[in-house]
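Each remark here refers to the structure printed beneath this line.
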Ligand code: ZN
């Protein structure tokens, strides 16, 4: 049964778009928030905008350029870290604690728009993960946010314990496989859909898709 309102932390990548479809299935009202931290590809923001438009959800874009100020080498470091599989969640790859910042701002936004639910595509399964993408952290922040605003937010992490192949499976279950495949941007070289096929993010995405295809046979 659908209930309440949710905010989805949304980058326009595979993971967060799958989360958006998940939220649309589970909540009556859904809005998305994208953090603009001077992404390597401005296209990322454009891609997020287009998806939000197409799915007819209200899109909040918050300027987080402060993150670049904190981490001047962000781009280079993002280049290294992207292979860690943090697709769609680039900020957490180059600024320690940035997911803390993002989820906190998502919480403030949620309180402003009267949303009880916050959805994020963080995942503990892929590789080592960043500390503030782990389940224990998210649960802890959930308590902290509620204490800070005297609210009863629920943070949802539909991808926390699943791998890339299972994320494709989830998109498929949600009837969104083709949409996610064709409209999302994961590629480090800024190519939508199947991407350049060469960069670590593309390889990871493709491996997951192939593993999912295999599992259907
Ligand atoms: Zn690529």
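Rule-based calculations on the coordinates, nothing more; no lab input. Quantities reported herein were computed from a predicted structural model and do not represent experimental measurements. For neighbour counting, all protein chains shown are included, and Cβ atoms are generated from backbone atoms with ideal geometry for every residue, glycine included.
Full-extension gain between residue 50 and residue 210, please, as 0.36 nm times their residue separation minus the C-alpha to C-alpha distance.
Gain on stretching residue 50 to residue 210: 55.0 nm.
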For 62, 24, what's the fewest-to-most ordering of other Cβ within 10 Å of each Cβ?
62, 24
With a point put 7 Å past each Cα toward its Cβ, work out how far residue 150 is from residue 136 in nm, to one decimal.
3.2
Determine, for 16, 104, 152, the number of other Cβ atoms within 10 Å of each Cβ, and report the residues in order from fewest to most.
152, 104, 16
Between the stretch 104-145 and the stretch 162-217, what's the alpha-carbon centroid distance in Å?
23
Counting other beta carbons within 10 Å of each residue's own, what order do 198, 29 fall into, fewest first?
198, 29
